[in-house]
1. Considering only the range 169-181, I want to know if a residue exists there that is assigned to a loop (DSSP other than H, G, I, E, B) and without any contact (Cβ under 8 Å) to a residue 60 or more places away in the chain.
2. Conditions: (1) more than 18 Å from LEU155 (Cα to Cα); (2) open to solvent by 50 Å² or more (accessible area, probe 1.4 Å). GLN78 meets all but one. Number of the miss?
3. Are any residues in the range 54-90 farther than 16 Å from VAL323 by Cα and free of Cβ contacts under 8 Å to residues at least 60 places away in the same chain, and if so, which ones?
4. With the condition kept exactly as written, say whether any residue in the range 121-143 is β-branched (Val, Ile, Thr), farther than 19 Å from ALA321 by Cβ and more than 20 Å from the chain's Cα centre (by Cα).
5. Would you check if there is a residue in the range 190-200 being crowded, with 24+ Cβ neighbours inside 10 Å and closer than 24 Å to GLY316 by Cβ?
6. Identify, from the list ALA46, ALA63, ALA50, the residue that is within 21 Å of ASP148 (Cα to Cα) and part of a strand (DSSP E or B).
7. Going by the conditions given, is ILE161 open to solvent by less than 10 Å² (accessible area, probe 1.4 Å) and either part of a loop (DSSP other than H, G, I, E, B) or under 21 Å from ALA338 (Cβ atoms) (or both)?
8. Among the residues of the range 118-132, count how many are part of a helix (DSSP H, G or I), open to solvent by 10 Å² or more (accessible area, probe 1.4 Å) and out of contact with any helix residue (DSSP H, G or I) (no Cβ under 6 Å at 6 or more places or on another chain).
Amino acid sequence: MGGAAAGTKWFQHLQRLSASKVSAEAVERGQNRVIDASLTLIRERAKLKAELLRSLGGVKASASLLGVPLGHNSSFLQGPAFAPPRIREAIWCGSTNSSTEEGKELNDPRVLTDVGDVPIQEIRDCGVEDDRLMHVISESVKTVMEEDPLRPLVLGGDHSISYPAVRAVSEKLGGPVDILHLDAHPDIYDCFEGNVYSHASSFARIMEGGYARRLLQFLIVPMYLDLDGFQVGLRSITKEGREQGKRFGVEQYEMRTFSKDREKLENLKLGEGVKGVYVSVDVDCLDPAFAPGVSHIEPGGLSFRDVLNILQNLQGDVVAADVVEFNPQRDTVDGMTAMVAAKLVRELTAKISK
């Protein structure tokens, strides 16, 4: 189990089972049944959607939503666990249409499907700890990928979900991917607040596992001009974050030099020589004027159009993506951030589907 803020419900549940003299073997059998049922539901949904697409024909790739409502690895607030249904609601909100900016229609199943959510809380209530929970998330992502032409577009959840998602994509494709990471924070700390699965440590786990060849990030910190990976939009980093960036060869772009770097960042070419491109968008990469509904508010971020320009102009085969860290409990401006997250999902869908 990870994080000081993690709920105690599962632990209390196990205490009650122990007091009732329920054997460890019986608990494990129950956990296995819940996990198997969870994966089976996602698998059957994915099979059904993929069979429909194959019968329609002419589809090389279709984005498929997979919700991962996990919030307990957040170092501050756990509200991102409530995000997936709010993002879905905003995607299909009647106040706007279902078209992406390049004209793809989300109500066309050849463009977008949905296989539902991984039942995170139900699994945790059975006493499943984070090592195994991360495996369940990875297996869920792989389950979607097994059904051609589906490609996973993961709805978080806090940013800890990116580790099992990227791991699954890399293992399923048989090699590393390039990652474009848009965020206010590097999320590359070795073990944040004693939690190796913290949302602030997801990219350390990814890089340690060899699941990414290049990682591009975006920060408000001194740039490392001699590095090889990519992070974009970051603006809050500590000494350890800088050291970890150097350790893993991450290219980190800072907001204060964005005007100088804009042309390069809006014309990125990734994925050559690897299995594809993974895009991870933390909603707090945006300035809070555009997206106030996040747990960690960091002024001085990207405009929404800046983010879309980076995503829409990205050259590369986007094989999977995630949108994370939207916190509905702080979305006080009448669902504004939900609509922002939904728009990000729409445009990532357009990037994935073909």
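The values are calculated or read from the model by the stated rules, or taken from the named source; none is laboratory data. Just so it is clear, the model here is predicted, and its values are computed rather than measured. FYI the Cβ positions are ideal-geometry reconstructions off the backbone, even for glycines, and counts take in every protein chain you see. Protein only, heavy atoms only, side chains kept; ligands, DNA and RNA dropped before computing areas. Shrake-Rupley method; radii C 1.70, N 1.55, O 1.52, S 1.80 Å.
1. no
2. Status for GLN78: all satisfied but (1).
3. Those that are farther than 16 Å from VAL323 by Cα and free of Cβ contacts under 8 Å to residues at least 60 places away in the same chain: SER55, LEU56, GLY57, GLY58.
4. Yes, the range 121-143 contains at least one residue that is β-branched (Val, Ile, Thr), farther than 19 Å from ALA321 by Cβ and more than 20 Å from the chain's Cα centre (by Cα).
5. no
6. Going through ALA46, ALA63, ALA50 in turn, just one is within 21 Å of ASP148 (Cα to Cα) and part of a strand (DSSP E or B): ALA63.
7. Criteria met by ILE161.
8. 4
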